[in-house]
Each structure stands twice: as structure tokens, then as C-alpha cells.
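See below for the structure under consideration.
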2 protein chains.
Amino acid sequence: MKIGVFDSGIGGVTVLTALRKRFPGVEFVYLGDTANVPYGTKSPSQIKSLAANAVASFAPRQLDALVVACNTASSLALDEIMATLPKVPVFGVVEAGVRATLDAHRAFTAAKTVLILATRATARSGIYSRLLTPSLGATTQVVEQACPLLVPIIEEGLLDHPLLHLAIHEYVLRHSEDRAPGIALLACTHYPWIKKAFERALPGWQIVDSANAVAALLEEALPQLKQAGNGPSKTEWLFTDPDVVPKFVFEA
Amino acid sequence: MKIGVFDSGIGGVTVLTALRKRFPGVEFVYLGDTANVPYGTKSPSQIKSLAANAVASFAPRQLDALVVACNTASSLALDEIMATLPKVPVFGVVEAGVRATLDAHRAFTAAKTVLILATRATARSGIYSRLLTPSLGATTQVVEQACPLLVPIIEEGLLDHPLLHLAIHEYVLRHSEDRAPGIALLACTHYPWIKKAFERALPGWQIVDSANAVAALLEEALPQLKQAGNGPSKTEWLFTDPDVVPKFVFEA
């Protein structure tokens, strides 16, 4: 069986890693639209058109499923991606993020804040507030925080650099000062690369990422993935601009 | 008369401002390829194709000249831009930057270092070393320093923010510590927006930008521009992704 994993850049590799672990023996095709990264600072119409255009290169590859491992594209371009690949079941990471957050909230009911850390485009779309608020109840508030410089910093490979820590501090300080610790969702697949830095900046908060939730979603929808055997999983790498991919990606 | 000014994003506005001042009465068309900013972290082949594609929208506008107000595109895609607009005289900002640097060096002959502050793509191209070294003489060294995070930080509008100062510190510290003050060329048209921050980080250095040198180049090649009158200059703004243009651009 063959699963496609799509992201604007290298963030989706955090999801790919979770999928490889859960489904050994499955073939993966990873596509990073590195020619157009970052998506998260672009406008909705631009994101829709870039995402549809990029995933077209999956068409000849006969995928059994496509994971849109990019919150920005999942928030804004899921319909366009489905229209481009009408025969492929498509799974977005937003649905998985919502599920992971609700699971975390059931275990941490005292949490009064769910902080959505995301690109500007995802935060502006308001999709997480819309999907989470009805299930969380009136005493828990969903707060969306755009963190536009984190993707460029991560794509530079500065995963434990003062610049990274200063940027994170900038984005989360007002929340950590004003609110009791709650749940913070890494609503951008780049951010698990810097999960430790978020843990440092948000002491006492539960930091949730959606990589395992995506894998669980896939397993429910396509149980045959678990029967693909235990052979070494094979990954084909596609990048729209291969020359700019940082080396640490392949060491993951 | 009508002049086109092209940049990947908003950096070229610093050049546009110099041109407007020198040539009142001339019409300007500014094109920012904001759908694809930043260019400077992309690969040469990608930059060539994006730049050629973007400037095609100047074709129906009957320009008298085009200024490529982007060092990355001037370093790597000038031939492709000229091929796209074969009837328009094209002026790149690299030639202007070289001239401004040599002028500065004639006034500051004690300078033993010329520091080229640029995007990664411009720094890697080595174009400034190639063009400057033969004219500077053996006692002055050209050092190219890539500053890949500055364009995203400027496009975020953080023109006097601790993140900006930390990033600049990171990029220039080794030079300011190891070398006597010399000449630093802002070899990216975004950087004049943050000239003060560079002055702070490089005390005693002469900071050169190429905006006025571009205007001088144009005046020599097309003296009729000075005869265009003194009417209020008119600017048409084109952005490939208009929704992401920060407001401070139009206040310049």
C-alpha cells in the first residue's frame, strides 16, 4: 500500500515519522512544496492554488491515501486538494488536531485555555475555534496565536537557538502570564521539531501535537494499513525545490 | 515616461523611493512578487523561473526601463528577465551596488574589509566578490555574509524589534569583533528598511545602500528621464499576492 504525505516544506516529516512507526511495510511518498514554503504567510487564494498545483504530482502515483500534513493547507485548501485527486481518500491534519486536543482536554478538564499555536493563515481562518468551541464547553476558551516567524526559523535549522527562543517568548508570553496553564496545540506540523522550546516557554502547559492522531485516524479509516507487513518502510522524497532542504530532515 | 521596478517583495520600495525623488513626473509601476517572497532562500533555477514569470506582467505596460530592485534576482536571473522583456532596457541593482561600494572605498581607502550583507542566494552566487575584487586591490578583502532571516523579519514589519537586533547581531558579530571597521554594503533591497539597526551593530563602519546609485545609473543611461517634468509622480502597485503586503510600505 502507498500513502502520500504533503506539506509546504519539511514540517510534514514529523507526521511521516509517526506514520512510518505505526505502519511498517507501507510505502510513503513525501512531497514538500519547498519552492513555495512558507504557505502560512500567504493569502487564502494563493494557498488554495499552490496546494492544488503541488498535489497534482501525486496523480500518477496511485496512492491509497493522502495525508495533508500541513495545517495551513488543511485549513484552507482541503477541498481543492480533494478536487485535484478525486480518487484518493484525503486526510487533513486539522481533524486530527481537533481530536488530539479533545482527548487531552478529557484528561485535563481543569484546563481553561486551549492555545492554538499556528501560522498566520491558519490562525486567521479560525478553523480550530470553530471546530473546538462546541465540544469544549463554555468554561474553556480557545485562543488562536499566529507565530509567523517560526517556520522560517525552523527551515533554517535553528532548532535550539536564541532567535528561536526569543520568537517563541514573543508569541506565548502574554498567554503564559495572563492565564493558568492549559493545553497548547502545535497546530503547524513544523512545530513538533521545536516542541522542547515550547515546553520551556509554557511551563505546566500540556503541549499536544497531532502526528499520532493522524496515524490513528488513518488506521480507523483504512484498517488494511496494519496488515501491510513489517518490512522496512520505503519513502520516496519529492521536493519542488530540492536544493533548499536542510539536511537534518533526513536524519529524523 | 514609465519605469518598472521589480522586487520579490517590498524591498524594492527603498529603490522606488530614491527613483521617485530623482525623477518627479515619471510614472512608476512597482511589481512585488509577494506570492513567492522570499527569493533569497530558494535555489538558482527556481529564482530564474519565478523572476522571468513575474516580470512577464510588465510586457503590456510599455516600459521605458525596468529596474530589477532585488539583489537576488539581479545576481541570478538578469538574463532570464532580459529575455522575457527583450525590448526594455533592464538595470540590475548589483551593478549599482558595486558602483556605490567603489565610490565609498575611494572616500575610505583605509577600509580593509568590504562586507556584503545579502540573502543566502546572493551570497552563494559570489557575484559581488567577483565584481569587486579586481577593482579594490589586494589589501581590501570582500566578505560575503548571508542573512537569511532578515527578509522574513522585515516582511513582518519588525523594523526595530529585539528579534531583528538579535538576528543582525548573529550575522555581523564575528565580523565586527575580528575586523577593523570597513564598508558594509546592504546587498538586499530589503535592508535599507533596517539601516539603523545595522549602524548600531557595526559601529564605525560605513553602511552603503545602492538605491541612489541605481538612480544615478538610470540618469546616465536615459537622460531624458530628468526632462519628464516636475508633476506629482504616479505609481501603479502590482503584487502577485496583494493580501500580504504590510501597510508600512505605503507610508514610505
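In the stretch B:117-136, which residue that is among the β-branched types (Val, Ile, Thr) and surrounded by 20 or more Cβ atoms within 10 Å (Cβ to Cβ) is farthest from B:Tyr39 (Cα to Cα)? First the steps, then the outcome.
In the first step, residues of the stretch B:117-136 are kept if they are among the β-branched types (Val, Ile, Thr); the result is B:119, B:122, B:127, B:133.
Filter once more, so that each one left must be surrounded by 20 or more Cβ atoms within 10 Å (Cβ to Cβ): B:119, B:122, B:127.
Details: B:Thr119: 8, B:Thr122: 10, B:Ile127: 16 Å.
That would be B:Ile127.
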How many of the residues making up the stretch A:153-189 are under 28 Å from A:Ala215 (Cα atoms), open to solvent by 40 Å² or more (accessible area, probe 1.4 Å) and away from chain B (no Cβ under 11 Å)? 3
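Could you list all residues from the stretch A:190-211 that are within 23 Å of B:Leu163 (Cα to Cα) and surrounded by 18 or more Cβ atoms within 10 Å (Cβ to Cβ)?
A:His190, A:Tyr191, A:Pro192, A:Trp193, A:Ile194, A:Ala197, A:Phe198, A:Ala201, A:Leu202 - these are the residues of the stretch A:190-211 that are within 23 Å of B:Leu163 (Cα to Cα) and surrounded by 18 or more Cβ atoms within 10 Å (Cβ to Cβ).
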Please go through the stretch B:24-83 and pick out each residue that is within 25 Å of A:Ser8 (Cβ to Cβ) and of a type in the set (Ser, Thr, Tyr). B:Thr34, B:Tyr39, B:Thr41, B:Ser43, B:Ser45, B:Ser49, B:Ser57, B:Thr72
Of (1) over 20 Å from A:Thr17 (Cβ atoms); (2) assigned to a loop (DSSP other than H, G, I, E, B); (3) of a type in the set (Val, Ile, Thr), A:Thr189 satisfies every one except (1)
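Listed here are the residues, each with its yes/no results for (1) at pLDDT below 95; (2) open to solvent by less than 10 Å² (accessible area, probe 1.4 Å); (3) not in a loop (DSSP other than H, G, I, E, B).
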site	(1), (2), (3)
B:Ala51	no, yes, yes
B:Leu63	no, no, no
B:Ala73	no, yes, yes
B:Val88	no, no, no
B:Phe91	no, no, yes
B:Gly97	no, yes, yes
B:Asp103	no, no, yes
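So, in the stretch A:1-13, how many residues would count as being buried (at least 22 other Cβ atoms within 10 Å of the Cβ) and part of a strand (DSSP E or B)? Don't jump to the end; show me each part of the working.
At the first step, the residues of the stretch A:1-13 found to be buried (at least 22 other Cβ atoms within 10 Å of the Cβ) are A:3-13.
Now narrow it down to the ones that are part of a strand (DSSP E or B): A:3-7.
Here the count works out to 5.
Quick grid of which residues meet (1) without any contact (Cβ under 8 Å) to a residue 60 or more places away in the chain; (2) touching a helix residue (DSSP H, G or I) at 6+ places or on another chain (Cβ under 9 Å):
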site	(1), (2)
A:Asp160	yes, yes
A:Trp205	no, yes
A:Lys226	no, yes
A:Lys234	no, no
(1) modelled with pLDDT of 95 or more; (2) outside any strand (DSSP E or B); (3) open to solvent by less than 10 Å² (accessible area, probe 1.4 Å); (4) closer than 25 Å to B:Val245 by Cβ all hold for B:Ala35 apart from (1)
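Filter the stretch B:14-32 for residues that are open to solvent by 20 Å² or more (accessible area, probe 1.4 Å) and part of a helix (DSSP H, G or I); which is nearest to the other protein chains (Cβ to nearest Cβ)? Reasoning before the result, please.
Kept after step one, since they are open to solvent by 20 Å² or more (accessible area, probe 1.4 Å), are these residues of the stretch B:14-32: B:14, B:17, B:20-22, B:24-25, B:27.
Imposing the further condition that a residue be part of a helix (DSSP H, G or I) reduces the set to B:14, B:17, B:20-22.
Values: B:Thr14: 20, B:Thr17: 24, B:Arg20: 27, B:Lys21: 30, B:Arg22: 33 Å.
In this case the residue turns out to be B:Thr14.
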Those residues of the stretch B:137-152 that are at pLDDT 95 or above and either away from every other protein chain (no Cβ under 14 Å) or open to solvent by less than 10 Å² (accessible area, probe 1.4 Å) (or both) come to a total of 9
Before we move on, is B:Ala69 within 14 Å of chain A (Cβ to nearest Cβ) and of a type outside the set (Ser, Thr, Tyr)? no
Consider the stretch A:224-234. How many of its residues are modelled with pLDDT of 85 or more and surrounded by 16 or more Cβ atoms within 10 Å (Cβ to Cβ)? 1
Scan the stretch B:196-252 for residues that are within 14 Å of chain A (Cβ to nearest Cβ) and either more than 19 Å from B:Gly4 (Cα to Cα) or assigned to a helix (DSSP H, G or I) (or both) and report the count. 4
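The values are calculated or read from the model by the stated rules, or taken from the named source; none is laboratory data. The structure displayed is predicted, hence computed values, not measured ones. As a convention, Cβ positions derive from the backbone with ideal geometry for all residues, glycine included, and neighbour counts pool all protein chains shown. Accessible surface areas use protein heavy atoms only, side chains included; no ligands, DNA or RNA. Shrake-Rupley method; radii C 1.70, N 1.55, O 1.52, S 1.80 Å.
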